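Have a look at the structure below before the remarks.
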Amino acid sequence: MAMNNPYQSYQQNAVKTASPGELSLMLYNGCLKFITFAKKAIQEGNIEEKNKNLLKAQDIIREFMVTLNMDVKMSKDLMVMYDYLHRRLIEANMKSDLSILEEVEGFVTELRNTWKEAIQLNRQSQFTTSGQA
């Protein structure tokens with residue numbers, strides 16, 4: 001009989017109950033986590049681990065790209081950014097280049113922080129418009 005890992009169950013439940021905004025935030029955090037793991041793998045000379053983590057980071061960026069609503073002007077700007085980040089992740093993987101990963105990490109951190117702030121502002125707006133302020 002297999003025992004469920006409580007942390008894994010918590011994570012699965014968090015994903016299932018998250019809003020679209022919270023899911024995006026989770027993806028940004030995941031991308032940053034995989035970049036961090038890849039940087040560590042490069043420093044340790046572990047090519048297989050570097051490749052595995054950078055492929056996961058690339059997958060996340062691709063997910064952002066395919067889910068953009070291209071009818072919105074801002075989406076076109078984001079597509080350019082995501083395309084650049086995706087290409088840089090590929091280049092970092094091919095060259096095992098920490099400086100490229102630090103560059104990408106900086107951009108993803110900015111995007112994540114902006115998204116986090118937008119979620120917080122949206123929550124505040126919902127709270128004040130619901131008459132509970």
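The values are calculated or read from the model by the stated rules, or taken from the named source; none is laboratory data. This structure is a prediction, so every number in the text was calculated from the model and none was measured. Because the Cβ atoms are built from the backbone with ideal geometry, glycine has one as well, and the counts that use them run over all protein chains shown.
Quick one: is Phe127 of a type outside the set (Ser, Thr, Tyr) and more than 18 Å from Gly30 (Cα to Cα)? Break it down into steps so the answer makes sense when it comes.
Numbers: of a type outside the set (Ser, Thr, Tyr): yes; more than 18 Å from Gly30 (Cα to Cα): yes.
Judged against the criteria, Phe127 is a match.
Scanning segment 92-101 for residues that are surrounded by 13 or more Cβ atoms within 10 Å (Cβ to Cβ) and part of a helix (DSSP H, G or I), which turns out nearest to the chain's Cα centre (by Cα)? My answer is Leu101.
Give me the residue from segment 69-84 that is in a helix (DSSP H, G or I) and among the acidic types (Asp, Glu) and, out of that set, surrounded by the most Cβ atoms within 10 Å (Cβ to Cβ). In this case the residue turns out to be Asp83. When the test is whether a residue is exposed (fewer than 15 other Cβ atoms within 10 Å of the Cβ), out of contact with any Gly (no Cβ under 8 Å at 6 or more places or on another chain), modelled with pLDDT of 95 or more and within 23 Å of Leu25 (Cβ to Cβ), Val66 passes it.
When Val108 is tested against the conditions (1) of a type in the set (A, V, I, L, M); (2) more than 30 Å from Glu48 (Cα to Cα); (3) touching a Leu at 6+ places or on another chain (Cβ under 7 Å), the lone failure is (2).
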